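The structure appears right after this line, and notes come after that.
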Amino acid sequence: MVKKLALSALLVVLLAAVAIAASGYRVEEARCTGCGDCDRICPVDAIEIVDGKSRIDPDKCIACGFCQVVCRYDAIR
């Protein structure tokens, strides 16, 4: 019974992680300064600076999270 419960909990966590990754990231424009840190770190070139703000291409984004980690302005969610 304990094994079944643990497996169920693990499945819920895995499904939640997949759902979060599938949603990708977005830029909160009010916080973005256009510094380009996220653009430089993105491994798939999914980010570009347009009109002084970062833009994430959802079709290219693999939701690795590097951009969010490097953003010192907390503009990527």
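All of the numbers you see were taken from the coordinates with simple rules; none came from a lab. Worth saying up front: this structure is predicted, and the values here are computed from it rather than measured.
Please compute the length gained on full extension between SER8 and LYS53, using 0.36 nm multiplied by the number of residues separating them and subtracting their Cα-Cα distance.
Full extension from SER8 to LYS53 adds 12.0 nm.
Residue by residue through region 54-65, which ³J(HN,Hα) values in whole Hz follow from phi under the Karplus form 6.51 cos²θ - 1.76 cosθ + 1.60 (θ = phi - 60°), with glycine and proline marked x?
Karplus values, whole Hz, x for Gly and Pro: 6, 10, 9, 7, x, 6, 9, 4, 9, 6, 6, x.
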